[in-house]
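Peer 1: Got a structure for you, written out below as structure tokens; questions coming shortly.
The values are calculated or read from the model by the stated rules, or taken from the named source; none is laboratory data. As the structure is a prediction and not an experimental result, all values here were calculated from the model. Using ideal geometry, Cβ is built from the backbone for each residue, glycine included, and neighbour counts are taken over all protein chains shown.
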Amino acid sequence: MRFRPAFQDAAICRLLKEHFDLTPGELTFLPLGEDSWVYRARCADGSAWLVRLKQDAGQDALEVSAWLRYDAGLEWVVAPCPSRTGRYAVPAGELWLTLTPWIDGPELMARGLTVGDGKKIGRLLAQLHAVTGKLPPSLRRRLPQETFCRHRVTAQKVLQAATNPWPAGSLQAALSAWIGEKESLIHRALRVAEELGERLRKQQTSQALCHADFHAANILVGEDGRWAVIDWDGLMLAPPERDLGFWCDSPV
């Protein structure tokens, strides 16, 4: 989120001490992301941590990402740290607080993509998809499955919002005008997507554990050159190709 939440920094520090035994000497709000409030916490011992305040705990995805890192041994997975009680998200008023290690380094998108990056991306995805069969049933049954129609509800909300009377000159008004100009094209694209989704639902497709948001902005390149993949909130069971969609038009 780009703006601070109605939650005091001192309260965040108390939660970090109570649940994770951390005492930050510095807590910095970072205007990043679209679905959570992000902070960097620095402690006297030099350690740094990423703190997120979320409206939805997302406990299932947190537990699966922790399993990937701590049990399946995928060291490039940036997984949440367990609290003293073993939970990966702790209550913070009406929100939820999570803690992960801070990764110093730029996004792969900012560094720039090379053809050689394609092989590394392929290796990481192969490792992720290969552990699907090892995923404990207790975790597997809690994951959503690809339905090939996830776009439908979001598209309907956007089209409905475009009919609202937004203030003149606002970004919403400009976007609504653009949607109005492209309305027939948008509806045609949605019909095609619906038809393709229906065909895929009738097919017997293999299911793999997918990140589902595997793009260059979610890959951080550390100071030592190692990659770290973040943002595991969208974990799902889907055809392996689900993780390749962002790379179709890239150099990789």
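Peer 1: Does segment 169-182 hold any residues that are within 18 Å of HIS151 (Cα to Cα) and in contact (Cβ under 8 Å) with a residue 12 or more places away in the chain, and which are they?
Peer 2: ILE179
Peer 1: Out of the residues in segment 219-242 that are more than 15 Å from PRO144 (Cβ to Cβ) and charged (D, E, K, R), which is surrounded by the most Cβ atoms within 10 Å (Cβ to Cβ)?
Peer 2: Result: ASP231.
Peer 1: Same structure, new question: Looking at (1) assigned to a loop (DSSP other than H, G, I, E, B); (2) surrounded by 18 or more Cβ atoms within 10 Å (Cβ to Cβ), find the lone condition where LEU97 falls short.
Peer 2: Single failed check for LEU97: (1).
Peer 1: Identify, from the list HIS151, HIS129, the residue that is modelled with pLDDT under 95 and either surrounded by 15 or more Cβ atoms within 10 Å (Cβ to Cβ) or under 27 Å from ASP231 (Cα atoms) (or both).
Peer 2: Matching residue, one of HIS151, HIS129: HIS151.
Peer 1: Also: Report yes if some residue within segment 134-144 is among the charged types (D, E, K, R), in contact with a strand residue (DSSP E or B) (Cβ under 9 Å, 6 or more places away or on another chain) and modelled with pLDDT of 95 or more; otherwise report no. So that I can check it myself, show each step before the final result.
Peer 2: Start the filter on segment 134-144 by keeping residues that are among the charged types (D, E, K, R), which leaves 134, 140-142.
Cutting the leftovers down to in contact with a strand residue (DSSP E or B) (Cβ under 9 Å, 6 or more places away or on another chain) gives us 140.
If we keep only those that are modelled with pLDDT of 95 or more as well, we get 140.
Yes, the conditions are met somewhere in segment 134-144.
Peer 1: Looking at ALA11, ALA6, which one is at pLDDT below 95 and loosely packed, with under 14 Cβ neighbours inside 10 Å?
Peer 2: ALA6
Rundown of residues vs (1) under 18 Å from ARG242 (Cα atoms); (2) more than 28 Å from the chain's Cα centre (by Cα), yes/no style:
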| residue | (1), (2) |
| --- | --- |
| HIS151 | yes, no |
| THR154 | no, no |
| GLN160 | no, no |
| PRO165 | no, yes |
| ALA168 | no, yes |
| ARG188 | no, yes |
| ARG201 | yes, no |
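Peer 1: Residues that are over 28 Å from LEU237 (Cβ atoms), of a type in the set (D, E, K, R) and in the same structural domain as LEU128 (by TED's automatic domain parsing): does segment 67-83 have at least one?
Peer 2: No: segment 67-83 contains no residue that is over 28 Å from LEU237 (Cβ atoms), of a type in the set (D, E, K, R) and in the same structural domain as LEU128 (by TED's automatic domain parsing).
Peer 1: Regarding ALA110, is this residue assigned by TED's automatic domain parsing to the domain that holds GLU63, out of contact with any His (no Cβ under 7 Å at 6 or more places or on another chain), among the aliphatic types (A, V, I, L, M) and modelled with pLDDT under 95? Steps first, answer last, please.
Peer 2: Working: assigned by TED's automatic domain parsing to the domain that holds GLU63: yes; out of contact with any His (no Cβ under 7 Å at 6 or more places or on another chain): yes; among the aliphatic types (A, V, I, L, M): yes; modelled with pLDDT under 95: yes.
It is true that ALA110 is assigned by TED's automatic domain parsing to the domain that holds GLU63, out of contact with any His (no Cβ under 7 Å at 6 or more places or on another chain), among the aliphatic types (A, V, I, L, M) and modelled with pLDDT under 95.
Peer 1: Name the single residue, out of those in segment 202-232 being more than 26 Å from GLY112 (Cβ to Cβ) and assigned to a loop (DSSP other than H, G, I, E, B), that is modelled with the lowest pLDDT. If you could, list the steps in order and put the result at the bottom.
Peer 2: To start, the set of residues in segment 202-232 that are more than 26 Å from GLY112 (Cβ to Cβ) comprises 202-209.
After this cut, where a residue has to be assigned to a loop (DSSP other than H, G, I, E, B) as well, the list is 203-207.
On the way: GLN203: 88, GLN204: 79, THR205: 82, SER206: 88, GLN207: 93.
That would be GLN204.
Peer 1: In segment 141-156, which residue that is polar (S, T, N, Q) and not in a helix (DSSP H, G or I) is farthest from ARG191 (Cα to Cα)?
Peer 2: Checking each candidate, the answer is GLN145.
Peer 1: Ok, one more. Can you name every residue in segment 50-75 that is touching a Leu at 6+ places or on another chain (Cβ under 7 Å), within 20 Å of ARG226 (Cα to Cα) and surrounded by fewer than 19 Cβ atoms within 10 Å (Cβ to Cβ)?
Peer 2: Scanning segment 50-75 gives a single hit, LEU74.
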